[in-house]
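*Asks:* Sharing a structure here in structure tokens format.
The values are calculated or read from the model by the stated rules, or taken from the named source; none is laboratory data. Just so it is clear, the model here is predicted, and its values are computed rather than measured. We place every Cβ from the backbone using ideal geometry, glycine too, and count neighbours over all the protein chains shown.
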Amino acid sequence: MPDRDDLQTLERVAQARQILKDQLAHVIIGQHHVIDHLLVSLLCKGHVLLVGVPGLAKTLLIRSLADVLELNFNRIQFTPDLMPTDITGTEVIEENRTTGRKEFRFVQGPLFAQVVLADEINRTPPKTQAALLQAMQEHEVSAAGQTFRLEEPFFVLATQNPIEQEGTYPLPEAQLDRFMFMLKVEYPSAAEELEIITRTTAGDAKQLSVVMKGDEIQELQGLVRRVPVADTVLKYAVALTRATRPAEDDAPDFIKNWVRWGAGPRAGQNLILGAKARAVLDGRPTPEVADVQELAKPVLRHRIVRSFRAEADAVDADDIIEKLMAAIKV
């Protein structure tokens with residue numbers, strides 16, 4: 001069980017979470033589930049892929065989150081002509097004024113920030129997309145014969161437009177698996193849209209206050225790892241992950257029909273880590289099965305490769321996950 005200091009920290013985190021959401025509400029209307037999932041991913045040292053049509057304030061949300069957490073922020077607009085060195089950095093030749101000799105110096109790219117927005121990541125070729133892989137997994141960049149550590153906490157958020165696919169390069173499954181969550185950013189409700197239009201067409205934007213800083217986030221990331229998990233929750237996460245694989249003997253028939261490839265072990269890891277982070281943000285000392293169920297769609301939807309039959313039956317990944325959760329006994 002967490003010690004007394006950890007329990008006191010949990011209380012403070014629950015209060016800070018509400019203060020943070022109140023601050024973001026000054027510039028972001030709605031999107032409460034998206035904000036919660038972003039915070040969960042941040043505490044798990046994960047990364048997020050945001051899928052939504054243009055104009056839903058994805059960039060504003062990410063920039064505002066960096067502001068209230070006082071983290072360095074860089075936005076990279078991915079385009080077909082973007083090269084890997086445009087992201088990671090490149091060597092330049094400059095003259096040493098003391099010796100007069102010319103030397104190579106590495107100039108860091110926009111990837112060297114704590115919060116990196118990879119905007120429209122599927123608009124750039126795989127070679128450039130792959131430049132993110134080492135940074136996302138090891139939190140470091142290898143360039144010019146050296147390895148550079150990235151400043152912690154390090155958080156990559158990528159966006160995709162789901163309706164415009166001409167001239168795009170779909171992310172390969174290996175890179176999709178690096179993202180902890182795939183979040184769908186939906187249209188606002190009628191009341192939210194009315195408030196958005198009213199607020200954004202009158203007056204100046206409100207200044208956001210810092211709620212938490214980088215060193216505090218790193219402490220909470222360590223706390224998430226120390227949160228105990230009941231065997232029931234662990235076994236449920238494992239059962240849910242394994243049930244997505246059609247090659248398993250006990251996989252449901254609809255999985256064998258609708259799925260070509262299921263989720264790997266990283267999905268189970270993310271389900272448990274995410275459940276721990278949700279408990280921490282709620283001020284609870286341990287997660288429940290309901291936490292795993294809440295995170296099932298964002299964790300699994302981009303890790304399930306549907307079959308042609310599923311496409312013919314107009315069944316998407318979320319439909320499969322819902323049916324799977326209904327089939328698995330707690």
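*Asks:* From the list A317, A267, exactly one residue is out of contact with any strand residue (DSSP E or B) (no Cβ under 8 Å at 6 or more places or on another chain) and either aliphatic (A, V, I, L, M) or without any contact (Cβ under 8 Å) to a residue 40 or more places away in the chain (or both). Which is it?
*Replies:* Answer to the check: A267.
*Asks:* Here's a follow-up. Do any strands (runs of 3 or more DSSP E) entirely within segment 7-115 hold 1 or more residues that are under 23 Å from F179 (Cα atoms) and in contact with a Lys or Arg (Cβ under 9 Å, 6 or more places away or on another chain), and if so, which?
*Replies:* So the answer is 48-51, 73-77.
Residue-wise test of (1) out of contact with any Leu (no Cβ under 7 Å at 6 or more places or on another chain); (2) hydrophobic (A, V, I, L, M, F, W, C); (3) surrounded by 12 or more Cβ atoms within 10 Å (Cβ to Cβ); (4) on the phi < 0 side of the Ramachandran plot.
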position: D81; (1), (2), (3), (4): yes, no, no, yes
position: Q108; (1), (2), (3), (4): yes, no, yes, yes
position: N122; (1), (2), (3), (4): no, no, yes, yes
position: P125; (1), (2), (3), (4): yes, no, yes, yes
position: A131; (1), (2), (3), (4): yes, yes, yes, yes
position: F155; (1), (2), (3), (4): no, yes, yes, yes
position: A158; (1), (2), (3), (4): no, yes, yes, yes
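*Asks:* Here is a follow-up. Return yes or no: is I93 over 27 Å from V280 (Cα atoms) and modelled with pLDDT of 90 or more?
*Replies:* It is false that I93 is over 27 Å from V280 (Cα atoms) and modelled with pLDDT of 90 or more.
*Asks:* Quick one: which of G203, G222 is free of Cβ contacts under 8 Å to residues at least 40 places away in the same chain, under 19 Å from the mean Cα position of the chain (by Cα) and in the same structural domain as H33 (by TED's automatic domain parsing)?
*Replies:* On inspection, the qualifying residue turns out to be G222.
*Asks:* Restricting to segment 131-160, what's the tally of residues that are among the small types (G, A, S) and within 24 Å of L60 (Cα to Cα)?
*Replies:* 2
*Asks:* Go over the candidates K276, K323 one by one and state the one that is surrounded by 20 or more Cβ atoms within 10 Å (Cβ to Cβ), of a type in the set (K, R), assigned to a helix (DSSP H, G or I) and touching a helix residue (DSSP H, G or I) at 6+ places or on another chain (Cβ under 9 Å).
*Replies:* Result of the check over K276, K323: K276.
*Asks:* From Y236, Y187, grab the single residue that is among the hydroxyl-bearing types (S, T, Y), over 19 Å from the mean Cα position of the chain (by Cα) and crowded, with 16+ Cβ neighbours inside 10 Å.
*Replies:* Just one listed residue meets the conditions, Y236.
*Asks:* So, one more: Filter segment 293-318 down to residues that are of a type outside the set (F, W, Y), more than 15 Å from T241 (Cβ to Cβ) and part of a helix (DSSP H, G or I), then give me how many there are.
*Replies:* Residues flagged as of a type outside the set (F, W, Y), more than 15 Å from T241 (Cβ to Cβ) and part of a helix (DSSP H, G or I) within segment 293-318 amount to 6.
*Asks:* Collect the residues in segment 47-61 that are modelled with pLDDT under 90 and buried (at least 22 other Cβ atoms within 10 Å of the Cβ), keeping them in residue-number order.
*Replies:* Matches in segment 47-61: K58 only.
*Asks:* Something else: Regarding segment 244-264, can at least one residue be identified that is over 22 Å from the mean Cα position of the chain (by Cα), modelled with pLDDT under 90 and closer than 21 Å to T9 by Cβ?
*Replies:* Within segment 244-264, not a single residue is over 22 Å from the mean Cα position of the chain (by Cα), modelled with pLDDT under 90 and closer than 21 Å to T9 by Cβ.
*Asks:* Yes or no: R97 surrounded by 17 or more Cβ atoms within 10 Å (Cβ to Cβ) and more than 21 Å from L65 (Cα to Cα)?
*Replies:* No; evaluated as a whole, the condition is false for this residue.
*Asks:* Any residue in segment 6-25 that is assigned by TED's automatic domain parsing to the domain that holds Q221 sitting within a Cβ distance under 9 Å of a residue that is at pLDDT 80 or above and among the basic types (K, R)? List the pairs, counting only those 6 or more apart or interchain.
*Replies:* Listed pairs, sorted by first residue: D6/R226; L10/R284; A14/R284.
*Asks:* State yes or no: is K45 under 20 Å from Q175 (Cα atoms), among the charged types (D, E, K, R) and in contact (Cβ under 8 Å) with a residue 40 or more places away in the chain?
*Replies:* Yes: the conditions hold for K45.
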